[in-house]
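Inspection log for the structure reproduced underneath, given as structure tokens.
What follows is calculated from the coordinates using simple rules that are stated; it is not laboratory data. Everything quoted here is computed from the prediction, not taken from an experiment. Using ideal geometry, Cβ is built from the backbone for each residue, glycine included, and neighbour counts are taken over all protein chains shown.
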Amino acid sequence: ALASGCATGFKATHDHDAAHDFAGYQTFGWVSENPMKVGPSVQSPNPLLEPRIMTAVEVQLGDKGYRLVSDAAQADFALSFTVGSREKIRVDSYPTMSMGYSTGYPNHWRWGASYHCCATDTQVREYTTGILAIDVFDVKERRPVWHGAASKTISEKDRKNMDETVRAAVAAILAGFPPQ
């Protein structure tokens, strides 16, 4: 279930160099000791996020048969990732109908319900969209060859279960790696 972006609530997208051959990949490493980049919209990133994401990526790639090497220069591919968030506001506005009694023509009473469109109901909702992107670089060619990203409206439950949320995001992204 975690392999599907829809099942986890994460919307995942993938892009890759269609001319690149991923078949020979067996080992991976991190582009640096601290591979996390922070998007401009994240004001103060959680310092515990980087090791969580690294662990989730290592587990997912290990499950796919790839082996982590400590020296990225000796790996077939290297990875980095970017975290970001956006605070958004959604405003929904729609007319409301009210029911009341009205009179008919002047000097004639008519009892009955009539509907009047006399108000607008507006709802304002603030929410946060979390974004995680993972980039794969071919070590020999020293260039990017694959990109995956996932986004989701982050709920309070997601914040409380951060390990689970990170694993679900990584799984949704890496479901598209290697490209078929």
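Remarks
- In this structure the amide hydrogen of K37, modeled in the peptide plane, comes within under 5 Å of the amide hydrogens of F81, T82, V83, none closer than 5 places in sequence on its chain.
- Neighbours of E164, meaning other residues whose beta-carbon lies under 15 angstrom from its beta-carbon, give a summed charge of +3 when Lys and Arg score +1 and Asp and Glu score -1.
- Cross-link reach is defined here as a Cα-Cα straight distance under 25 Å, omitting same-chain residues fewer than 8 places apart; for K11 the lysines meeting it are K37, K64, K88, K152, K157, K160.
- Other-chain or far-sequence residues with amide H under 5 Å of D76's (modelled H): Q26, T27, F28
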